[in-house]
């Protein structure tokens, strides 16, 4: 059983059927799933993307906005989502701290790894926002970085699918779910659930990446307790 985990949620997942913005029902659901981990004595860090508001690559696609500015816009979007997750968690009684990679003291603490670890030891959820603080890096990379820094036992990539498949299961009914996949194979095949930089960083730090369906209630706790049938593991 893992004692300390980092859970990565996509920004798009917060949008629900609308495709943009924040669906408060999904926000409440995510908060409940995280609370179940805290109640089980697990230390939890969270990274959330910003794709429900703006994605840097998309914003810069037509050349009007530079990639650097687009990525900073995306980082700010993750802060908005981070504030929302913090509020949802504290609404149900889970003490939470928001730490940002970009200094904005009126909104959250500056990221300091020793402080983050101390919060986790005290049973607080720590939400890491603002990506890595640098353009040209995704929130997947930010999640792997923060997970490595806090000494997480695993990184859980909470998605809309229940794992990694040998081909797109939406297009091919005969797609086969891969229970485990090596870092090298994941890099070779450029699996779409995580970007290559994040996977390479996880490999260097021997950090397992668990890919699971966030919309199956109770999945996160079952996986942390060792049920690998509900996910795929990159290791």
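The values are calculated or read from the model by the stated rules, or taken from the named source; none is laboratory data. Model, not experiment: these values are computed from the prediction. All Cβ positions, even for glycine, are placed from backbone atoms using ideal geometry, and neighbour counts span all protein chains on display.
Across region 38-55, the qualifying residues are those that are assigned to a loop (DSSP other than H, G, I, E, B) and modelled with pLDDT of 95 or more, and the one among them that is surrounded by the most Cβ atoms within 10 Å (Cβ to Cβ) is 42. Specify the residue that is farthest from the chain's Cα centre (by Cα); the eligible residues are those in region 179-192 that are modelled with pLDDT under 90 and surrounded by fewer than 19 Cβ atoms within 10 Å (Cβ to Cβ). Among those that are modelled with pLDDT under 90 and surrounded by fewer than 19 Cβ atoms within 10 Å (Cβ to Cβ), it is 189. When region 194-222 is filtered for residues that are surrounded by 19 or more Cβ atoms within 10 Å (Cβ to Cβ) and either within 20 Å of residue 167 (Cβ to Cβ) or at pLDDT below 90 (or both), the ones remaining, listed by number, are 194, 199, 209, 211, 212, 214. The selection criterion, being in a loop (DSSP other than H, G, I, E, B), surrounded by fewer than 15 Cβ atoms within 10 Å (Cβ to Cβ) and at pLDDT 95 or above, does not hold for residue 133.
Applying the condition of being modelled with pLDDT under 90 and part of a helix (DSSP H, G or I) to region 223-235 and asking which residue is surrounded by the most Cβ atoms within 10 Å (Cβ to Cβ) yields 230. Checked against (1) closer than 14 Å to residue 9 by Cβ; (2) not in a strand (DSSP E or B), residue 58 passes all but a single condition, namely (1).
Checking each residue of region 53-72 against the condition of being touching a residue at least 12 places away in the same chain (Cβ under 8 Å) and either closer than 21 Å to residue 213 by Cβ or touching a strand residue (DSSP E or B) at 6+ places or on another chain (Cβ under 9 Å) (or both) gives no match. Of all residues in region 193-218, those being under 18 Å from residue 36 (Cα atoms) and either over 15 Å from the mean Cα position of the chain (by Cα) or without any contact (Cβ under 8 Å) to a residue 12 or more places away in the chain (or both) number 3. If the condition is being assigned to a helix (DSSP H, G or I) and surrounded by 20 or more Cβ atoms within 10 Å (Cβ to Cβ), then region 85-118 contributes 85, 86, 88, 89, 116. In region 1-25, the residues that are on the phi > 0 side of the Ramachandran plot and part of a helix (DSSP H, G or I) form Cβ pairs under 9 Å with partners that are at pLDDT 85 or above and buried (at least 21 other Cβ atoms within 10 Å of the Cβ), at six or more places apart or across chains, as follows: 16/52.
Looking at residue 65 and the list (1) buried (at least 19 other Cβ atoms within 10 Å of the Cβ); (2) more than 14 Å from the chain's Cα centre (by Cα); (3) not in a helix (DSSP H, G or I), which single condition is not satisfied? Result: residue 65 fails condition (1) only.
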